[in-house]
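> I'd like to ask some things about the structure below.
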Amino acid sequence: MMGRLSVAATALFIAVSAPGAHSAERVFPDIAETAKADPQTVDFFRAYFTAKSQHDVNATMSFFSPQLLTYTDAILGWPLNDFNALKAVFAQYMPKWGKGKSYPFRIIGGPDSAVVAFIDTPELFGGEIRLLGAVDFKDGKIIRWADYWDSTGFPADVYNAVRTPSDKFPTEFREKEISGNAAARIIDVATDVQKALTSSDGADIGKHLSADVIYEDFALRTQLLGKDATTRYLQRIQSEAPFAKGSQLMHIVGGEKGGGFEWRSADGKIRGITALELDDQGLVSRITTTYDGRLISAPTHRELVRLSAEE
């Protein structure tokens, strides 16, 4: 798998960057944090986002398996459940993107599955979006991709017009159709962390964290620094956070250095993802979670933000 992914990524990067086809200059800011990623997976995503940012439909689709299970926007409820459906969407929208770019700012895991954090500039879909994607590979190609992002800063009129109605919103994103793609280490850590988050008091969460862990919630725009502060915060929000008490583990992706898990809230209304980066001892050095903050009531949103401050 690793060799095939590396060869595919290298060949495709050369193809999309070759003189005569596209400019060899980098087409997006090279800001991605990649310390917790497999180098071949980094090459793959750089090549993929180069093709996407150049609005090249065929080059972009060359990174996807013909047996694609799904490319799902988990926030809008858009499951594109085969190769041709995804290609049709790219063919429809890419010519309208103008100077729009899509590029990674953090890559975690690999080589068989990964979390990629990336930015879609406003030209693509009407507003700047910062996403976490859970990605599975098979035979060097993308077989499943699920995107998660917070819509609270996205134009409300666009969101309301394109989001799948609640009564028709999908509850699963074909995660049951792929297994064995995550490394044993991240499976163990993700399972333990998710279990600790769902327990009655969150007492066990601290034992999984490094002393200098960074915790960030994209939906709440909050950040905590250090094991003690993060542990206390996660214990305080047990009864309020959608990823905490009663939530369900849906899917795990990643490698030896990190990855993440997709989850569903106890009431089934919110889907989200929590990315985990691991240190050399297997402790969590960074937690990044995101979900659609619009689905949380205003009082709950304010309370979760308030609880991020020590009193």
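The values are calculated or read from the model by the stated rules, or taken from the named source; none is laboratory data. Note that the coordinates shown come from a computational prediction; the quantities given were computed from them, not determined experimentally. Neighbour counts are summed over all protein chains in view; Cβ atoms, including those assigned to glycine, are modelled from backbone coordinates with ideal geometry.
> Looking at TYR159, TYR215 in this structure, which one is among the aromatic types (Phe, Trp, Tyr) and at pLDDT below 95?
TYR159
> So is ALA91 surrounded by fewer than 20 Cβ atoms within 10 Å (Cβ to Cβ), of a type in the set (A, V, I, L, M, F, W, C) and either out of contact with any helix residue (DSSP H, G or I) (no Cβ under 9 Å at 6 or more places or on another chain) or at pLDDT 95 or above (or both) or not?
yes
> Could you tell me which residue of the stretch 240-272 is surrounded by the most Cβ atoms within 10 Å (Cβ to Cβ), considering only residues that are of a type outside the set (Lys, Arg) and closer than 21 Å to ALA211 by Cβ?
Among them, the one singled out is GLY258.
> While we're here: State which residue is nearest to the chain's Cα centre (by Cα) when the search covers only the stretch 105-136 and only residues that are of a type in the set (D, E, K, R) and crowded, with 18+ Cβ neighbours inside 10 Å.
Checking each candidate, the answer is ARG106.
> Can I ask one more? Residues that are without any contact (Cβ under 8 Å) to a residue 60 or more places away in the chain and not acidic (Asp, Glu): find the strands (runs of 3 or more DSSP E) completely inside the stretch 101-168 holding 2 or more of those.
By residue number, 129-138.
> Considering only residues that are under 18 Å from ALA146 (Cα atoms) and loosely packed, with under 14 Cβ neighbours inside 10 Å, which ones fall in the stretch 57-81?
PRO66, GLN67
> Related question: Identify the residue in the stretch 273-311 that is under 17 Å from GLN235 (Cα atoms) and among the acidic types (Asp, Glu) and, among all such residues, is surrounded by the fewest Cβ atoms within 10 Å (Cβ to Cβ).
Applying the filter and picking the extreme gives GLU311.
> Here's another thing I want to ask about it. Suppose we filter the stretch 97-122 for residues that are on the phi > 0 side of the Ramachandran plot and touching a Pro at 6+ places or on another chain (Cβ under 9 Å); how many remain?
1
> While we're here: Given the options THR171, THR230, THR222, name the one that is at pLDDT below 95 and either on the phi < 0 side of the Ramachandran plot or in contact with a strand residue (DSSP E or B) (Cβ under 8 Å, 6 or more places away or on another chain) (or both).
Answer to the check: THR171.
> Scan (1) surrounded by fewer than 15 Cβ atoms within 10 Å (Cβ to Cβ); (2) touching a helix residue (DSSP H, G or I) at 6+ places or on another chain (Cβ under 7 Å) for the single condition VAL189 breaks and write down its number.
(1)
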